[in-house]
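The values are calculated or read from the model by the stated rules, or taken from the named source; none is laboratory data. Here the structure is a predicted model, which means the values were calculated and not measured. Virtual Cβ from ideal backbone geometry, glycine too; neighbours counted across all protein chains shown. Side chains are part of the model used for accessible areas, which takes the heavy atoms of the whole protein and leaves out ligands, DNA and RNA. Shrake-Rupley method; radii C 1.70, N 1.55, O 1.52, S 1.80 Å.
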Amino acid sequence: MLSLDPVPTPQQLFRWLDSGRITREEFRTAMAVHAGEIIQEMEQAHANPLVAKFNELMNRREAWKWSRRHGEMVMREILCALMDEERFSPARWLWNAAHPHVPLYCFFRTRGTPVLRFLEMSVHPQYVTVLVEHGGSETLSPTRERFHLRRNRQQSLQVERRELI
């Protein structure tokens, strides 16, 4: 039986369904939680459109800044590597980061809570180091983590190690 506390990322759920670890019904139940989160965000944006538009503009600015420096493909590779990292709570929003039809700014959360933003990034051909600020709430400050990513034999980035800052 699938435990919904905490809910696995959509990517994990797809892998579990494909491997037969969970049933279709368990998959639907867990994905309904993710769909509910998206609907809740849409309702909040509808209730306060000015704040939602400002947040969108700030997220667009953040995505533009990093993609201008390192390229959109590299940014998507980094987001996909973070998506596969277990115990990384923002991974639940990154599951479709490899899809070029989804705008890059959709994956950043520079304002409000929870936050997901990049503070520093060093990109080299075989490895990437990125300082990520994520999480937080009205009472808790966001967590800062440094991720060290390295290319594997298939030339895709994977998290080699991470450290809490």
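Descriptive notes on the structure:
- Given charges at beta-carbon only (K, R positive; D, E negative), |dipole| of the chain in Debye: 580 debye
- Listed residues ASN152, ASN55, GLN40: farthest to the positive end of the dipole of the range 18-165 (Cβ charges): ASN152
- 1.4 Å probe accessible area per residue over the chain, in Å²: 62 Å²
- Once divided by 2.2 N^0.38 Å, the Cα radius of gyration of the range 34-88 becomes 1.42.
- The helix-based estimate of mean residue ellipticity at 222 nm for the chain, built from -39,500 (n - 2.57) per DSSP H run of four or more residues and divided by its residue count, is -14000 deg cm²/dmol to the nearest 500.
- Simple rule: put +1 on each Lys or Arg Cβ and -1 on each Asp or Glu Cβ in the chain, find the dipole, and look at PRO8, TRP95, CYS80; the Cα lying farthest toward the positive end is CYS80.
- The range 56-165: GluC sites (Glu not before Pro) in DSSP loop, at most 13 other beta carbons within 10 Å: GLU86, GLU138
- Put a plus charge on the Cβ of each Lys and Arg, a minus charge on the Cβ of each Asp and Glu, and nothing anywhere else: the dipole of the range 15-81 about its Cα centre is then about 360 debye.
- Surface accessible to a 1.4 Å probe, ARG144 within the full protein complex, Å²: 100 Å²
- Each of (1) 23.0, 75; (2) 16.3, 48; (3) 17.6, 54 is a candidate for Rg and Dmax of the Cα atoms in Å; the one calculated from this structure is (2).
- Taking only alpha carbon atoms, the range 100-165 gives an Rg to Rh ratio of 1.03, where Rh is the Kirkwood radius.
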